[in-house]
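Visitor: Here it is, the structure in full.
The values are calculated or read from the model by the stated rules, or taken from the named source; none is laboratory data. From a predicted model like this one, the values you see are computed outputs, not experimental measurements. Counting neighbours? That spans all protein chains shown, and the Cβs are built from the backbone with ideal geometry, glycine included.
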Amino acid sequence: MRETYDLIIIGGGPGGYVAAIRAAQLGSSVAVIEKRNALGGTCLNEGCIPSKALLDSSELFVQARDKFADHGIIIDPPGLDLDKMMKRKEDIITRLTRGIASLFKKNQITLVTGSGRLTKPGSEGPLQVIATTAEGEQKLQGKRVLLATGSVAIDIPGLPQDGERVGQARDALEYTAVPEHLVVIGGGYIGLELGSVWLRLGAKVTVVEMLEQMLPTSDQEITAALLKSLQKQGMTIHSGTRVSGMESTDQGVTLTLEGKANQTLTCDKVLVAAGRNPCTEGLGLEEAGVKLDETRRIAVDENYQTNIPNIYALGDLIHGPMLAHKAMDEGVALAETLAGKKAVVDYNLIPGVVYTHPEAASIGATEEQLKDQNIPYKVGRFPFMASGRARAMDNVDGFVKVLANPESGKLLGVHIIGPFASELISEAVTILSFGGSIEDVALTMHAHPTLSEAFKEAALGAFGKAVHA
């Protein structure tokens, strides 16, 4: 182990491990302190990746149950081997975590398994970080330190969690049997996605959201279409409602609801998905003198540096949405900035995706935001039911919506609900990133038949020129 590193990173999640690899590629000596026995953070180990594995598996189960016969494939009825489904999920996690570990070896990054904390910086010389490992405490010295410990699920007062009946997302990814009735507290993307998994596999699912408007930062036309589709699939949704009490009995868990839905619910599983808080506990922020902002996140400047020179932070610890791709881009930007290169993250162009069925994805301004800011705009829409590829896939729910300046045609926002929205949104991200217009989209040849043609047709539709609608 080196005496002094160019960069010490506390946290091996998306932001931390990407920053480590990019910094090493640019010639820095790097050490990463990660409390888990595997790299990848919450996203890879108990979040984004395992949830997508189960979302895909559960969607295939629904297809086998409800759609395969239309294709002449007879599976009546399809069987569910939940143990095997869970093993597949774990195998995916293992392959990916091993992949990151091999990249660390390739780039000669030192990995320390344990928790890291800052110490009070001296007047000069390298910074010191204490790593607490299974063998005891270990001191590391670094010219710079990056904090990238991510976030933790919010606990709701009065709703104690046991990880069995009442738990968080990580618990809902490990159920050993399909719940009879799952109540999800929180109607954000985590709650809707995991609720969808167990709904597809046969559970009764009720989502309780305290806010009147679910997914409030999303385009509300898209949100309305998504909620309508989920309700059609059998999901019960109560917005403007909070859980005011909980009692666990031999029969299950009884929840008392207040608000628009005044009632009691009895269920066998409760998933608390009410948001996340930055994981700052135990980092030694107070001892090091690192300041927080008004939202209790770590305050940083445009180069991700805190108020203490050479101590940096990114990802869920700082401002902005708590998304893995945001943290990854920040990790690259920080590493390149430290190497003297110019790097910028555009916080106005962070794509958001809900991986339900249908998927929903957005980039740029919503219609509500444009109205609030009195910005003139034109709307173009194209339904997937008019798409030949979507028809061939028998997946026609949803539409593409584009928002553009009525004079210049400059693209202002794109919102998609429908098949593979998570993939289709990237074309819109590229166009917006380069300040492109709907004319740029309309003049770009798209292969036929493809789902991406819907984006072109929606762009044409903004000025009444769509061919197939």
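Visitor: Among the residues in region 15-31, are any surrounded by 17 or more Cβ atoms within 10 Å (Cβ to Cβ) and farther than 26 Å from Glu336 by Cα? Even if it seems obvious, please write down each step before you answer.
Guide: Going residue by residue through region 15-31, those that are surrounded by 17 or more Cβ atoms within 10 Å (Cβ to Cβ) are 15-24, 28-31.
Going one step further and asking which of them are farther than 26 Å from Glu336 by Cα, we end up with none.
Looking for residues that are surrounded by 17 or more Cβ atoms within 10 Å (Cβ to Cβ) and farther than 26 Å from Glu336 by Cα, one finds none in region 15-31, hence no.
Visitor: Which of the residues spanning region 429-443 are outside any helix (DSSP H, G or I), farther than 12 Å from Phe455 by Cα and without any contact (Cβ under 8 Å) to a residue 12 or more places away in the chain?
Guide: Taking region 429-443 and keeping what is outside any helix (DSSP H, G or I), we get 434-437, 443.
The next check asks that each one be farther than 12 Å from Phe455 by Cα; those that pass are 434-437.
Across region 429-443, the qualifying residue is only Phe434.
Visitor: Among the listed residues Ser422, Ser426, which satisfies the condition of being at pLDDT 95 or above, closer than 19 Å to Ala224 by Cα and assigned to a helix (DSSP H, G or I)? Break it down into steps so the answer makes sense when it comes.
Guide: Details: Ser426 fails: closer than 19 Å to Ala224 by Cα.
Among Ser422, Ser426, only Ser422 is at pLDDT 95 or above, closer than 19 Å to Ala224 by Cα and assigned to a helix (DSSP H, G or I).
Visitor: Could you pull out the residue among Ser244, Ser248 that is polar (S, T, N, Q), farther than 30 Å from Gly364 by Cα, touching a Leu at 6+ places or on another chain (Cβ under 8 Å) and not in a loop (DSSP other than H, G, I, E, B)?
Guide: Values: Ser248 fails: touching a Leu at 6+ places or on another chain (Cβ under 8 Å).
It is Ser244.
Visitor: Right, next: Exactly one of these conditions fails for Thr430: (1) farther than 21 Å from Thr223 by Cβ; (2) within 20 Å of the chain's Cα centre (by Cα); (3) of a type in the set (S, T, N, Q); (4) crowded, with 17+ Cβ neighbours inside 10 Å. Give me its number.
Guide: Only one criterion in (1) farther than 21 Å from Thr223 by Cβ; (2) within 20 Å of the chain's Cα centre (by Cα); (3) of a type in the set (S, T, N, Q); (4) crowded, with 17+ Cβ neighbours inside 10 Å is unmet by Thr430, namely (4).
Visitor: Of all the residues that make up region 259-289, how many are surrounded by 14 or more Cβ atoms within 10 Å (Cβ to Cβ) and more than 28 Å from the chain's Cα centre (by Cα)?
Guide: The total comes to 6.
Visitor: Would you confirm whether any residue within region 142-165 is farther than 30 Å from Ile21 by Cα, among the hydroxyl-bearing types (Ser, Thr, Tyr) and buried (at least 21 other Cβ atoms within 10 Å of the Cβ)?
Guide: No, because not a single residue in region 142-165 is farther than 30 Å from Ile21 by Cα, among the hydroxyl-bearing types (Ser, Thr, Tyr) and buried (at least 21 other Cβ atoms within 10 Å of the Cβ).
Visitor: Here is a follow-up. Among the candidates Gly122, Gly187, Gly116, Gly191, single out the residue that is touching a strand residue (DSSP E or B) at 6+ places or on another chain (Cβ under 9 Å) and assigned to a strand (DSSP E or B).
Guide: Values: Gly122 fails: assigned to a strand (DSSP E or B); Gly187 fails: assigned to a strand (DSSP E or B); Gly191 fails: assigned to a strand (DSSP E or B).
Matching residue, one of Gly122, Gly187, Gly116, Gly191: Gly116.
Visitor: Oh, and also: What single numbered condition from (1) surrounded by 14 or more Cβ atoms within 10 Å (Cβ to Cβ); (2) in contact (Cβ under 8 Å) with a residue 12 or more places away in the chain fails to hold for Gln305?
Guide: The failed condition is (2).
Visitor: Can you pull out every residue in region 54-67 that is surrounded by fewer than 16 Cβ atoms within 10 Å (Cβ to Cβ), without any contact (Cβ under 8 Å) to a residue 60 or more places away in the chain and more than 21 Å from Glu174 (Cβ to Cβ)?
Guide: Asp66
Visitor: For region 344-363, give me each residue that is of a type in the set (Val, Ile, Thr) and either outside any loop (DSSP other than H, G, I, E, B) or touching a Phe, Trp or Tyr at 6+ places or on another chain (Cβ under 9 Å) (or both). Outline the logic, then answer.
Guide: Here is the first cut: in region 344-363, the residues of a type in the set (Val, Ile, Thr) are 344-345, 350, 353-354, 356, 363.
The answer is Val353, Val354, Thr356, Ile363.
Visitor: Could I ask something else about it? Looking only at region 227-239, decide whether some residue is assigned to a strand (DSSP E or B) and either aromatic (Phe, Trp, Tyr) or loosely packed, with under 14 Cβ neighbours inside 10 Å (or both). Outline the logic, then answer.
Guide: Initially, region 227-239 is screened for residues assigned to a strand (DSSP E or B), giving 236-238.
Next cut, either aromatic (Phe, Trp, Tyr) or loosely packed, with under 14 Cβ neighbours inside 10 Å (or both) only: none.
Looking through region 227-239, none of the residues is assigned to a strand (DSSP E or B) and either aromatic (Phe, Trp, Tyr) or loosely packed, with under 14 Cβ neighbours inside 10 Å (or both).
Visitor: Being within 20 Å of Leu192 (Cβ to Cβ) and aliphatic (A, V, I, L, M), is that true of even one residue in region 34-48?
Guide: No, region 34-48 contains no residue that is within 20 Å of Leu192 (Cβ to Cβ) and aliphatic (A, V, I, L, M).
Visitor: Something else about it: With the requirement that a residue be in contact with a Gly (Cβ under 8 Å, 6 or more places away or on another chain) and either assigned to a loop (DSSP other than H, G, I, E, B) or among the basic types (Lys, Arg) (or both), what does region 364-389 give you?
Guide: Those that are in contact with a Gly (Cβ under 8 Å, 6 or more places away or on another chain) and either assigned to a loop (DSSP other than H, G, I, E, B) or among the basic types (Lys, Arg) (or both): Ala365, Thr366, Arg381.
Per-residue answers, yes or no, for (1) hydroxyl-bearing (Ser, Thr, Tyr); (2) in contact (Cβ under 8 Å) with a residue 60 or more places away in the chain; (3) touching an Asp or Glu at 6+ places or on another chain (Cβ under 6 Å); (4) in a strand (DSSP E or B):
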{"site": "Asn395", "(1), (2), (3), (4)": "no, no, no, no"}
{"site": "Ser408", "(1), (2), (3), (4)": "yes, no, no, no"}
{"site": "Val414", "(1), (2), (3), (4)": "no, no, no, yes"}
{"site": "Phe463", "(1), (2), (3), (4)": "no, yes, no, no"}
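Visitor: So, in region 312-336, how many residues would count as being hydrophobic (A, V, I, L, M, F, W, C) and not in a helix (DSSP H, G or I)?
Guide: Counting residues in region 312-336 that are hydrophobic (A, V, I, L, M, F, W, C) and not in a helix (DSSP H, G or I) gives 5.
The rows are residues; the columns are (1) under 30 Å from Thr256 (Cα atoms); (2) β-branched (Val, Ile, Thr); (3) more than 24 Å from the chain's Cα centre (by Cα).
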{"position": "Lys106", "(1), (2), (3)": "no, no, yes"}
{"position": "Thr113", "(1), (2), (3)": "no, yes, yes"}
{"position": "Lys120", "(1), (2), (3)": "no, no, yes"}
{"position": "Leu127", "(1), (2), (3)": "no, no, yes"}
{"position": "Ala134", "(1), (2), (3)": "no, no, yes"}
{"position": "Gln141", "(1), (2), (3)": "no, no, yes"}
{"position": "Leu146", "(1), (2), (3)": "no, no, no"}
{"position": "Gly158", "(1), (2), (3)": "yes, no, yes"}
{"position": "Gln161", "(1), (2), (3)": "yes, no, no"}
